[in-house]
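Asks: I have a structure here, written as structure tokens, and I will follow up with some questions on it.
What follows draws every value from the coordinates through simple rules; no lab data is involved. These figures come from a predicted structure and were not determined experimentally. Here Cβ is always computed from backbone atoms with ideal geometry, including for glycine, and neighbour counts include all displayed protein chains.
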Amino acid sequence: MTHRQHYAPPDGPGRGRRRGLGPIEPRDLLLLTSPAVLSYKLARLALGRRSDAGGDPGERDADFVEHLLEFVEPALRHYFRAEAHGGEHLPAAGPALLVGNHSGGLQATETFVLFREVLRRHGKHRALYGLGHNFLFDDPTFRKYAGRFGALRAGHESAKRAFERDALVLVYPGSDLDSFRPWKERNRVVFGNRTGFVRLVLENRVPIVPVVTAGAQEAFYVLTRGEGVARLLGLKKRLRTEVFPIALSLPWGIAPATLPYIPLPTKMVTRFGAPIRFDHLAPDAARDPAVVARCYDEVHAAMQGMLDGLAAERRWPILG
């Protein structure tokens, strides 16, 4: 039987001071948590120019990662009651791609759970990088901290640079399609036939560690993805998103789901699965659509089975 596992904060001088203010400057913390400010920032991103810079693996700051996870630990433990199981499947050394289901819209709280488990198992110097949206790098406030936490601008080149450092890389293949899935699909893994992650592991000959989280999509109530509206507005070209979702959330009521919201205190449970390896395939298999499709189906089926198992254990939505 598995048991609840929590991150134990480090001991040492200054620990209490860091917990009081956190590793983020107070003014920036206000900017990063204010719904009104975040909404304004998103609007600027939609209308502004974007760069290609940002997210070099060398920017990661192990101490910052540790302190930030210590800072968010009370919320993970007491508000979301976050649990993680199967962390023994995380390799202690060498590169690997963590493939996860994405939940919670723009507020992907489960990401902190994944980083926390890597830290708990292997320490702050076992690097986990996350492939993130342009917004993390095009906004100056987010940019100040994203690279230090281990965020990389989404793309194969970013992941390859991290693999060269024998690091772990986290990717959410379903991205917006998955994180804004409607309530009735909250226990589905939605990748939208995006197979780039398969080509990435085949070309670089690294294993996949599947990881799923149940409960995180219950932090708000998505009514529709709004894919038709997104096409009419040309959001794929302007914002790299295929959705214009509408949700019921706090404090907005029924509103665009891209607005920063107050998440419901849903219980989150994360499970890491056994690594999936394609070592028998040569790197050039990444150019064979049939092979890529078979590998994609294998990973998707494994993750959906894992999520089905977690969903079956939940007694009530939100309460877990």
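Asks: Quick test of the membrane-span-like rule: which DSSP H helices of the chain reach at least 24 Å along their long axis (C-alpha atoms) with mean Kyte hydropathy at least -1.0?
Replies: What comes out of the filter, once short or polar helices are dropped, is 289-313.
Asks: Could you work out how far the C-alpha centroid of region 127-147 sits from that of region 150-188, in angstrom?
Replies: 13
Asks: Turning to a different aspect of this structure: With the cut-off at 22 Å, tell me which of the pairs Lys124/Lys267; Lys41/Lys237; Lys184/Lys267 have Cα atoms farther apart than that.
Replies: Numbers: Lys124/Lys267 26 Å; Lys41/Lys237 18 Å; Lys184/Lys267 18 Å.
Beyond 22 Å between Cα atoms: Lys124/Lys267.
Asks: Starting from the Cα gyration tensor of the chain, multiply each eigenvalue by 5, take the square root, and state the resulting semi-axes largest first in whole Å. It would help to have the intermediate numbers written out before the result.
Replies: Values: eigenvalues 137, 120, 95 Å².
Equivalent ellipsoid of the chain: 26, 25, 22 Å, largest first.
Asks: According to a simple spin-label model (label point 7 Å from Cα along Cα-to-Cβ), what is the distance in nm between Lys184 and Leu29?
Replies: 4.3
Asks: Taking 0.36 nm per residue of separation and subtracting the Cα-Cα distance, what length does fully extending Leu233 through Ile262 add? Mind showing how you got there, number by number?
Replies: Details: separation 29, 0.36 × 29 = 10.44 nm, distance 2.68 nm.
This chain segment gains 7.8 nm when fully extended.
Asks: Work out, step by step, the length gained on full extension between Glu157 and His78: first 0.36 nm times the residue separation, then minus their alpha carbon distance; give nm to one decimal.
Replies: On the way: separation 79, 0.36 × 79 = 28.44 nm, distance 3.77 nm.
Value of the extension gain: 24.7 nm.
Asks: Which value results when the Cα radius of gyration for region 107-240 is divided by 2.2 N^0.38 Å? Each step should come with its number before you reach the end.
Replies: Details: Rg = 15.7 Å, N = 134, 2.2 N^0.38 = 14.1 Å.
Here the Cα radius of gyration is 1.11 times the empirical estimate.
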